[in-house]
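Enquirer: A single structure is presented below for examination.
Quick note: the coordinates plus some simple rules give every number you see, no bench work behind them. Since the model is a prediction, treat every value here as computed from it, not as a measurement. Cβ placement follows ideal geometry from the backbone for every residue including glycine, while neighbour counts extend to all protein chains displayed.
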There are 2 protein chains.
Amino acid sequence: MVDKFRITNQREIILEELRAVKTHPTADELFDKVRARLPRVSLATVYRNLEWLCQQGIVQKIEVGGRQKRFDGTANLHYHIRCIGCGRVDDVDMSPVETLDHDLSDKSGYTIMGHRLEFWGTCPACSRSGGS
Amino acid sequence: MVDKFRITNQREIILEELRAVKTHPTADELFDKVRARLPRVSLATVYRNLEWLCQQGIVQKIEVGGRQKRFDGTANLHYHIRCIGCGRVDDVDMSPVETLDHDLSDKSGYTIMGHRLEFWGTCPACSRSGGS
DNA sequence: TTATTTGCAAAAACTTTGCTGATAA
DNA sequence: TTATCAGCAAAGTTTTTGCAAATAA
């Protein structure tokens, strides 16, 4: 069954604010941004809409290291790099290696569906401040 | 200051049980195994010792997708594959690509410290039962 | 009109911490 | 002997859920 869905104000603004940043915010970081425009919005609404946007294939949840899940305003496959200093997550300028999944299928008993490549290190700002 | 540390019964058994399996258990899965041998052990002790073992470089915490952290009884770099059906995590038979970190350093402003490659799919058992 | 969505609060899921007694060395 | 560690319970953090009111279509 296909959900009927509504374009609510909250839904639009959550997507706009997610796409307005490149740092792959956590739900509560996004909540703060959305709340600046919709003061009565709740964190549950942010979580619910992020989940819904993921299920529609409009955005993606990226499960990188660290405690909280982060969200990416695009749905295309690409890799990420995470700063262990401040936690920010940036896109990596590297083409996904599509052949990896197939190469591995030959060896493992798994049915491979995808992969994720994540780098970590210190971002320029954290390298300067903490790297003396 | 270097910690003085003790080899407690709990610590030894937690490490033994972690190394006895290849599925990279969560803290509570490991807790069940340890409790079979030490009925009065607490989950907090499992968490504390896993954290301590990670800090000593004896084991590693692997932050793959899914809700809970998982633990690997070895400290060497290798890649993992996670079953989206049952959550188990297996090692991947693929040599780590050491050059990746250096290649990326040229492009990004980050100081790269490492990377993680994680595959996902369905394990043989879940492929059979759910794949019809 | 009415089924979806929201806000609020409570619960759930996972992990960490404070404290006191136990214990390895 | 004594500083580290364990067990227990409580708290902390992040995410999900139940429910009545609001609302998009």
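Enquirer: One residue is enough: does the range A:45-68 have a residue meeting the conditions more than 16 Å from the chain's Cα centre (by Cα) and either within 16 Å of DNA strand D (Cβ to nearest atom) or closer than 25 Å to A:GLU17 by Cα (or both)?
Expert: Filtering the range A:45-68 for residues more than 16 Å from the chain's Cα centre (by Cα) gives A:45.
Keeping just the survivors that are either within 16 Å of DNA strand D (Cβ to nearest atom) or closer than 25 Å to A:GLU17 by Cα (or both) gives A:45.
Yes, some residue in the range A:45-68 is more than 16 Å from the chain's Cα centre (by Cα) and either within 16 Å of DNA strand D (Cβ to nearest atom) or closer than 25 Å to A:GLU17 by Cα (or both).
Enquirer: Moving on. Looking at (1) loosely packed, with under 13 Cβ neighbours inside 10 Å; (2) more than 19 Å from B:CYS123 (Cα to Cα), which one does B:LEU50 not meet, given that it meets all the others?
Expert: (1)
Enquirer: Helices (runs of 4 or more DSSP H) wholly in the range A:9-67 with at least 1 residues that are within 10 Å of DNA strand C (Cβ to nearest atom) and among the hydroxyl-bearing types (Ser, Thr, Tyr) - which ones? I'd like the intermediate steps shown before the answer.
Expert: Values: elements: A:9-19, A:27-37, A:43-55.
Filter on the range A:9-67 gives A:43-55.
Enquirer: Confirm whether A:THR74 is surrounded by fewer than 17 Cβ atoms within 10 Å (Cβ to Cβ) and either under 11 Å from the mean Cα position of the chain (by Cα) or aliphatic (A, V, I, L, M) (or both).
Expert: Numbers: surrounded by fewer than 17 Cβ atoms within 10 Å (Cβ to Cβ): yes; either under 11 Å from the mean Cα position of the chain (by Cα) or aliphatic (A, V, I, L, M) (or both): yes.
Answer is yes for this residue.
Enquirer: A further question follows. Between residues in the range B:16-27 that are small (Gly, Ala, Ser) and residues that are outside any loop (DSSP other than H, G, I, E, B), which pairs lie under 8 Å by C-beta distance while being six or more apart or on different chains?
Expert: B:ALA20/B:LYS33; B:ALA27/B:LEU43; B:ALA27/B:VAL46; B:ALA27/B:TYR47; B:ALA27/B:LEU50; B:ALA27/B:PHE71
Enquirer: Can I ask one more? Does B:THR26 satisfy the condition of being away from chain A (no Cβ under 14 Å), in contact with a strand residue (DSSP E or B) (Cβ under 6 Å, 6 or more places away or on another chain) and more than 9 Å from DNA strand D (Cβ to nearest atom)? Can you show your working first?
Expert: Details: away from chain A (no Cβ under 14 Å): yes; in contact with a strand residue (DSSP E or B) (Cβ under 6 Å, 6 or more places away or on another chain): yes; more than 9 Å from DNA strand D (Cβ to nearest atom): yes.
Yes.
Enquirer: So which pairs qualify, if the first residue must be in the range A:46-65 and more than 14 Å from chain B (Cβ to nearest Cβ), the second must be β-branched (Val, Ile, Thr) and more than 10 Å from DNA strand C (Cβ to nearest atom), the Cβ gap must be under 8 Å, and the two must be at least 6 apart or on different chains?
Expert: A:LEU50/A:VAL59; A:LEU53/A:VAL59; A:VAL59/A:THR74
Conditions (1) among the small types (Gly, Ala, Ser); (2) facing chain B (nearest Cβ under 7 Å); (3) crowded, with 19+ Cβ neighbours inside 10 Å, marked per residue:
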{"residue": "A:GLU98", "(1), (2), (3)": "no, no, no"}
{"residue": "A:ASP103", "(1), (2), (3)": "no, no, no"}
{"residue": "A:GLY109", "(1), (2), (3)": "yes, yes, no"}
{"residue": "A:MET113", "(1), (2), (3)": "no, yes, no"}
{"residue": "A:LEU117", "(1), (2), (3)": "no, yes, yes"}
{"residue": "A:THR122", "(1), (2), (3)": "no, yes, yes"}
{"residue": "A:ARG128", "(1), (2), (3)": "no, no, no"}
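Enquirer: Could you grab the pairs with beta carbons closer than 8 Å, sequence gap of 6+ or different chains, first residue in the range A:33-45 and under 15 Å from A:LEU15 (Cα atoms) and polar (S, T, N, Q), second one more than 6 Å from DNA strand C (Cβ to nearest atom) and assigned to a helix (DSSP H, G or I)?
Expert: A:THR45/A:ILE14
Enquirer: Just one of (1) without any contact (Cβ under 8 Å) to a residue 60 or more places away in the chain; (2) more than 12 Å from DNA strand D (Cβ to nearest atom); (3) under 16 Å from the mean Cα position of the chain (by Cα); (4) not in a loop (DSSP other than H, G, I, E, B) trips up A:ASP90, so point out which.
Expert: Every listed condition holds for A:ASP90 apart from (1).
Enquirer: Within the range B:100-110, can one find any residue that is within 22 Å of B:LYS61 (Cα to Cα) and assigned to a helix (DSSP H, G or I)? Show your work before the answer.
Expert: Just the residues of the range B:100-110 that are within 22 Å of B:LYS61 (Cα to Cα), to begin with: B:100-101.
Imposing the further condition that a residue be assigned to a helix (DSSP H, G or I) reduces the set to B:100-101.
Yes, that holds for at least one residue.
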